[in-house]
Amino acid sequence: MVHQQIAVRALPKTTLRTLTIGGLMALTVVFAASHVRAEGHEKVIESHGYSYFGNLDYPADFPHLAYVNPDAPKGGEIALGASGTFDSLNPYSRKGSAGALTTLQYDQLIETTSDAVGQYYGVVAHSIEYPESRDWVIFHMRPEATFSDGTPVTAEDVVYSHRLFIEQGLPSYAQAVGRMVTGAEALDDHRVKFTFNPELSKRSRIETVGSTPIFSKAWFEADETRRLDEPRLEVAIGSGPYILESYDINRQIVYTLRDDYWGKDLPFNKGRHNYDTIRIEYFTDQTASFEAFKAGVYTIRVESDPKLWASSYDFPKIDSGAVVKYELANGSPPNPTGFVFNLAKPEFQDRRVREAVALAFNFEWTNESLLFGLYAPRSSFVEGTPIEAQDTPTGAELAFLEALGDVVPPELLSDPVRITHASDGSRLSDRRNMRSASGLLEDAGWTVGDDGMRRNVDGQPLEITLLYPTNIQDSVDAMHETYAQNLEQLGIAVKLEKVDPSQYTNRRRDRDYDMMYSTRYSTFLSTGGGLSQMYGSQEAEFSLFNPAGLASPLVDAIIEASFTTTTQEETDIALMALDRALRHEFFVVPTGYIADHWVAAYDKYEFPENLPPYDLGYLDLWWVNEDKAEALRASGALN
């Protein structure tokens, strides 16, 4: 498990956001139809970028992204900490534990920005064309794009990479995209065409295929043992800004900026990729990691442990100013983190049991006693956004739900949206909630015997295994222990299984747990195929992004209906209904969230004045002030 400060994605960066958040910046809205031509009976759009609704904030001739420092100096190093282990440098395999940030080595045809939602601009592709039906798309590629070995990036490489993900990629992604894409062909060296299944949704078509990492076909074909679905320590050649310099298993990974990176002067990349070196140091646990940061072994830490943030950032380097603390605004809604039920377990298929188990979690006490009062409560999957479901459905949302028919339970239309239960923060065990939980368990057939344990009519005890890794944060570790105390008071046999990160990864993939603290579910501000991978039924049995195994006809119907919306307003209504439905299905016990980014860094880094709302940007927007770095070295704060 990698420390939270390192965001590692196993799939292409397909953004799930299209909601325009007001007040981002005063940019002129330009429409994607920079050129429109007629082809048969259908208009064909040619553009420098793509968004489903046609709005692009940046024109074709934009000089750089609005949130970067285009004159940021290049050079220096960022060093990050990670806890856990790695035995592979292939992030796209279901097997093994991949090293951090290996995706830095791969470019995409198009990429999204961090200041808008659902807008994509050309990287390897300089332009795209597609019909209004979006039944196909052609990407026009930059002939100057090269892999790190100097060979050109061609349309054949794009087609080959797409097929690798379909044939050897993660099953949830491979099946979803395999149904969507009916053809991929290289029209010539620098034009690639994808054809889509017209019977499926138009959503997520173009951005999905455009966001797939591009590998060198020649590299894979040079050795038949090289596969996408197998762990390996040999790195597939990419065309991205960084290359792997060195690694030491379970200790360190180092990436260096390519001197010959072909895309360094692209407007999309201006002011980005500013470090010469990105170094990741691995540690056995969070305690060792934090002590290493204090010693200067690594230089930036994005803190996610409130106990540490509140009580441990008082070491001498803070007092001297060698290390500075930042609390920076986070414009993204918080991920729906919490204790996830494995819905395949028979006992959890009864909602009353899930309700009872949830009532045993006391957020208020946990927040004050373990989290220093720094967490905020969360109920919604899109907390704090305009599409968060409120009260009972009315107006357009009510009409949307009613149009879905019998798949919508009557109580979803008449009852207020589910809100996380409140507890007495003065004591761990809230008596009122525990009485309610006990009643629910009795109603569900789990009665208390003479030994104080709950059993069903067959005499089987109610048992719950909570799985978590040894390198978890101390505050979350304590959260497990106190939660288990309350569950045991209800007569539930609780087993806390704390396993090493490698075993944890394997068991998480195999769904070998009853409940687990999970950060795998993502929030959403737009519709698209990613929703199905996380919350849909079709891949629920095996999707790594749906750890509960949620398979709900109600949720499926809402997701499918969201695919057919034709305006931003309709999309927002569908997503509001989805938030309501996910909360109704109740498969996560919310544990709250941190509202801002907490960052501690050695005082050699600088960042743009106006950071984008959807990305902290420390990996590609920040830079090293070499004068400050030299001062730290001279003072002995850093080597």
Prolate/oblate/rounded call for the range 47-142, Cα gyration tensor, a/c under 1.5 rounded: oblate
Candidate lysines - alpha carbon under 30 Å from Lys95, same-chain residues fewer than 8 apart omitted: Lys13, Lys217, Lys345, Lys495, Lys498
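What net charge is computed for the residues neighbouring Glu626, neighbours being all others with C-beta under 12 Å from the C-beta of Glu626, Lys and Arg scored +1, Asp and Glu -1? Intermediate values should be presented prior to the final figure.
Details: positive: Lys74, Lys604, Lys628, Arg633; negative: Glu77, Asp276, Glu606, Asp627, Glu630.
Local charge sum for Glu626: -1.
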Which of Ala184, Ile206, Phe194, positive extreme of dipole for the range 163-213 (C-beta unit charges): Ile206
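Could you tell me what percent of the DSSP beta bridges with both partners in the range 369-500 are antiparallel, to the nearest 5?
30 percent
Per DSSP helix of 4 or more residues, -39500 (n - 2.57); summed, then divided by the residues of the chain. What does that give at 222 nm, rounded to the nearest 500?
Values: 18 runs with 171 residues, N = 639.
Computed mean residue ellipticity for the chain: -7500 deg cm²/dmol.
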The range 482-595, accessible surface, carbon-and-sulfur percent (1.4 angstrom probe): 46 percent
Pairwise centroid distance, computed over Cα atoms, of the range 180-212 with the range 240-313, Å: 34 Å
Mean accessible surface per residue for the chain, computed with a 1.4 Å probe while every protein chain stays in place, in Å²: 39 Å²
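Which of the peptides 161-171, 55-65, 320-330 is most tightly packed, and how do the rest follow, going by the mean number of other Cβ atoms within 10 Å of each residue?
Numbers: 161-171: 19.3, 55-65: 17.4, 320-330: 14.7.
Averaged packing, sorted descending, gives the order 161-171, 55-65, 320-330.
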Neighbourhood charge, 12 Å Cβ-Cβ cut-off, centred on Leu398 and excluding it, Lys, Arg +1 and Asp, Glu -1: -2
Most to least packed among 144-154, 467-477 [average Cβ atoms within 10 Å]: 467-477, 144-154
For the range 592-639 and the range 314-378, distance of Cα centres in Å: 25 Å
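Mind checking the range 90-131 for chymotrypsin sites (Phe, Trp or Tyr not before Pro) that DSSP puts in a loop (not H, G, I, E or B) and that have at most 16 other Cβ atoms within 10 Å?
On the way: sites: Tyr92, Tyr106, Tyr120, Tyr121; in loops: Tyr92, Tyr106.
Loop-located and lightly packed - none at all.
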Cα gyration tensor shape of the range 340-479, rounded if a/c is under 1.5, else prolate or oblate by comparing a/b with b/c: oblate
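Which percent of the accessible heavy-atom area of the range 40-199 goes to carbon and sulfur, probe 1.4 angstrom? Could you put the intermediate results ahead of the total?
Working: 2490 of 5300 Å².
Carbon-and-sulfur percentage of accessible area, whole number: 47.
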Check: the chain dipole with +1 on Lys, Arg Cβ and -1 on Asp, Glu Cβ, in debye: 440 debye
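Taking the DSSP beta bridges in the chain as the whole, what percent of them are antiparallel, to the nearest 5? Write down the numbers at each step before the final one.
Details: 67 of 85 bridges.
In the chain, DSSP labels about 80 percent of beta bridges as antiparallel.
The values are calculated or read from the model by the stated rules, or taken from the named source; none is laboratory data. Note that the structure is predicted; figures quoted are calculated from it, not measured. Methodologically, a virtual Cβ is constructed for each residue, glycine included, from the backbone with ideal geometry; neighbour enumeration extends over all protein chains shown. For accessibility, only protein heavy atoms count, side chains too; no ligands or nucleic acids. Shrake-Rupley method; radii C 1.70, N 1.55, O 1.52, S 1.80 Å.
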